[in-house]
1. Taking H placed 1.01 Å from N in the peptide plane, check which residues at least 5 places from GLU53 or on another chain put their amide H under 5 Å from its amide H.
2. What does the charge dipole of the chain about its Cα centre add up to, to the nearest 20 debye, if the Cβ of each Lys and Arg holds +1 and the Cβ of each Asp and Glu holds -1?
3. Too long at a 29 Å Cα-Cα cut-off: which of LYS80/LYS362; LYS261/LYS282; LYS215/LYS359; LYS42/LYS262?
4. Using the Cβ atoms and a cut-off under 9 Å, what net charge is assigned to the surroundings of GLN143, where Lys and Arg are +1 and Asp and Glu are -1?
5. So for the stretch 234-316, averaging the separation of alpha carbon pairs under 8 Å that are six or more residues apart and normalising by length, what relative contact order in percent results?
6. What order do you get for VAL159, VAL132, VAL65 when you list them from fewest to most C-beta neighbours inside 10 Å?
7. Kindly write out, for the stretch 5-15 in residue order, the coupling ³J(HN,Hα) from the Karplus curve 6.51 cos²θ - 1.76 cosθ + 1.60 (θ = phi - 60°), rounded to whole Hz, with x marking Gly and Pro.
8. Non-local amide H neighbours of ASP244 (under 5 Å, H modeled in plane, Pro and chain starts lacking H): which ones?
Amino acid sequence: MKKTRIFSIHQKLKAKIIEFAGWEMPVEYSSIVDEHLAVRTKAGLFDVSHMGEIMVTGEDALNFVQYLTPNNVAKLFPGKAHYSALTTPQGTFIDDLLVYCLAENQYLLVVNAANTEKDYQWIVSHQGSYKVQVENQSDQVTQLALQGPRAQEILQPLVPVDLGEMKSFRFTWTEIEGEKVLVSRTGYTGEDGFEIYTYSANPVPIWETIMVQGKELGLVPVGLGARDTLRLEACLMLYGNDIDETTTVLEAGLSWIVKFKKGDFLGREALLRQKEEGLKRKIVGFELLERGIPRPHYPVYISNEEVGQVTSGTFSPFFKKSIGLTYLPLDYTEEGTIFEIGIRGKRVKAQVVPTPFYKREK
């Protein structure tokens, strides 16, 4: 299994290590609940170096990434990123991703760890006559995520740029501990924060410097366990659970990343047809009305008929109640609709509620 360049840190901190997407990764250091609440109230530092980074360069890079993804890449400029997807001709997901415009005709695509090789092959297979170079740089890049309401306060003394001027989904190249880093105001927790990318062969000092700087402000190391509960409270999609090659971008409630007017892209016709004909199902958020924890793949029932599965579910550390996501037939997606989830052989009542469950105060 692969190890990140700061794996020694996790060992030193006695993190609980699990296998995830071919990597040995920390799932928790103290407890998932404590780490989750630290991110909501103060700050947490994550090693997310297992994520994939694919570089697309060349004179046709803009047009090529436009064709691969539904969001409008032409609206990006050096220093700006956006959320998007790699879509099939059916308008479903190969993956979801961030697209960074590094320079004219140079784009960094940040993809999910489990999909990195699949995504790379998908991109290369659609290269056709586009004059581009596609390089999988995942093994060269370390990615850290500093998230929480105190993230800016912690990071600012360590970088020579004004983070207060950096808007959401903007980024810049700078230095931490003499190492070149890309600092991006993005994240996967629902909190303010930054993702930090570096090609450094030894990124350990970057992690250690941030942790020392944040100690007095309540910064803690955070594993993949709390990363998952945080993103679910914020209703951020997880590939393989909430989105995959069987779910369309519109069904997943992500119509805001589909820009039909920009011109052709993979899946455009299918999504346009689905929009015109109307959705038959869509993703909803729910909370349990009775005791139980709704785990992924638990069956979902309406009037004794199984209509789907829980895609994501947990006991929310912040709200102290069980929440989750599932796809329901369109007639049953109104807020307040009651349905049932099969939990350990018992039917438990759930109710459709507004999403996101958690939205930070600006």
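No value in this document is a laboratory result; all are computed from the given coordinates. This one's a predicted model, so the numbers in the text were calculated from it and none came from an experiment. Don't worry about glycine lacking a Cβ; one is built from the backbone with ideal geometry, like all the others, and counts go over all protein chains shown.
1. VAL111, GLN137, SER138
2. Details: 40 positive and 46 negative charges, 138 e Å.
With only Lys, Arg, Asp and Glu charged at Cβ, the dipole is about 660 debye.
3. On the way: LYS80/LYS362 21 Å; LYS261/LYS282 23 Å; LYS215/LYS359 26 Å; LYS42/LYS262 40 Å.
Table pairs above 29 Å Cα-Cα are LYS42/LYS262.
4. On the way: positive: none; negative: ASP47, GLU53, GLU195.
Combined, the nearby Lys, Arg, Asp and Glu give -3.
5. On the way: 62 pairs, mean separation 20.5, N = 83.
Contact order relative to length: 25 percent.
6. Details: VAL159 16, VAL132 22, VAL65 25.
With the fewest neighbours first, VAL159, VAL132, VAL65 line up as VAL159, VAL132, VAL65.
7. 6, 10, 4, 4, 4, 5, 5, 4, 7, 6, 5
8. Answer set, sorted by chain and number: PHE93.
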